[in-house]
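*Asks:* One structure, pasted below without further comment.
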Amino acid sequence: MDAIDRWVLSSAVQAISDSNFEFGKPAHQITINVSEQSLKGSEYCDYALEEIARAGLSNQMFRFDLREAVAIERVDLAGAFMRRMRDAGCQVGLDDFGIRLSSFADLKDLPVQYLKIDGSLVRRVEDDRYAQSVIEGIARAAEILGVFTIAEHVESESMAARLQELDISYAQGFHFGRPRSLQAFLEAAETA
């Protein structure tokens, strides 16, 4: 997994450095998922920061996601990783957030900058009061922590509207566009 994580990062860095697209806004940052195996030691942090610097890119263009389950199980490693990347200017956050009841208690130990709400909750936001209350709780916790939220798997205008009512900062999903390769996105952005 560590080799795959490195390949994903280096491929993204190469594609970005080959393009003319201007990254940096929250909606135009590159998010890289990081596996548990890459958390061990500082090698992945060193590699990521060196790759970004070698390409002459800003660390602020990058977000690094750790799955909530991994971060909670390995809070010491996740915390060290997050602090290092955050101190270097990258954003760090938890992916698939909200499916474990212990999530809120563990937040105080992790220097996150955003919470990406698990799609299984988001898909039920319109008709499941439990999902609504969890999402609302995540939004309130994020506000108290001074971090932003991202809802995954937003598939309709009505879902997006409901999430906005619940004070979710950002959303991603089929409602906004179908998945496409980074290369296709960059090519379309350059011609727009």
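*Asks:* How high is the FRET efficiency between Arg100 and Glu187 when r is their beta carbon distance and R₀ equals 41 Å, given to the nearest 0.05?
*Replies:* 0.60
*Asks:* Select from the chain the helices, each a whole stretch of DSSP H, whose alpha-carbon atoms run 15 Å or more along the helix axis and whose Kyte-Doolittle mean is at least -1.0; answer none if there are none. Show your work: numbers first, answer last.
*Replies:* Values: long enough: 2-17 (22 Å, 0.52); 43-54 (16 Å, -0.56); 75-87 (17 Å, -0.21); 129-145 (24 Å, 0.39).
Passing helices, by number: 2-17, 43-54, 75-87, 129-145.
*Asks:* Chymotrypsin sites (Phe, Trp or Tyr not before Pro) within the range 1-73: which are DSSP loop residues with at most 13 other Cβ atoms inside 10 Å? Don't skip to the end; give the middle numbers.
*Replies:* Values: sites: Trp7, Phe21, Phe23, Tyr44, Tyr47, Phe62, Phe64; in loops: Phe21, Phe23.
Answer by residue number: there is no such site.
*Asks:* Same structure, new question: Which whole-percent values make up P(r) of the range 113-181 when all C-alpha to C-alpha distances are grouped in 5 Å steps starting at zero?
*Replies:* Reading upward from the zero bin: 4, 19, 31, 25, 14, 6, 2, 0.
*Asks:* Oh, and also: When only C-alpha pairs under 8 Å and at least 6 residues apart count, what is the relative contact order of the chain, in percent? Walk me through the numbers before you get to the answer.
*Replies:* Working: 286 pairs, mean separation 31.7, N = 192.
Reported as a whole number, the value is 17 percent.
*Asks:* Hey, what's the chain come to in accessible area per residue, 1.4 Å probe, Å²? List each step's numbers first, then the result.
*Replies:* On the way: 9850 Å² over 192 residues.
I get 51 Å² per residue for the chain.
*Asks:* More than 12 angstrom separation, counting every C-alpha pair in the range 67-113; what % is that? Walk me through the numbers on the way to the answer.
*Replies:* Details: 608 of 1081 pairs.
Result for the distance tail: 56 percent.
*Asks:* A further question follows. Check which residues have an amide H placed less than 5 Å from Ile150's amide H, if you skip close sequence neighbours.
*Replies:* For Ile150, whose amide H was placed from the backbone, the distant partners under 5 Å are Leu115, Lys116, Ile117, Tyr170.
*Asks:* Continuing with the same structure: Under 4 °C and 1.567 mPa s, how fast does the range 28-109 diffuse according to Stokes-Einstein, given a Kirkwood radius computed over C-alpha pairs? Answer in µm²/s, whole number.
*Replies:* On the way: Rh = 13.0 Å.
In µm²/s, the coefficient is 100.
*Asks:* Over all Cα pairs of the chain, how is the pair count split among 5 Å bins, expressed in % and running from 0 up to the last occupied bin?
*Replies:* Going from the shortest bin to the longest, the percentages are 1, 8, 16, 19, 19, 17, 12, 7, 2, 0.
The values are calculated or read from the model by the stated rules, or taken from the named source; none is laboratory data. Note that this is a predicted model, so its numbers are computed, not measured. Neighbour counts run over all protein chains shown; Cβ positions are idealised from the backbone, glycine included. Calculation scope for accessible area: heavy atoms of the full protein, side chains included, ligands and nucleic acids excluded. Shrake-Rupley method; radii C 1.70, N 1.55, O 1.52, S 1.80 Å.
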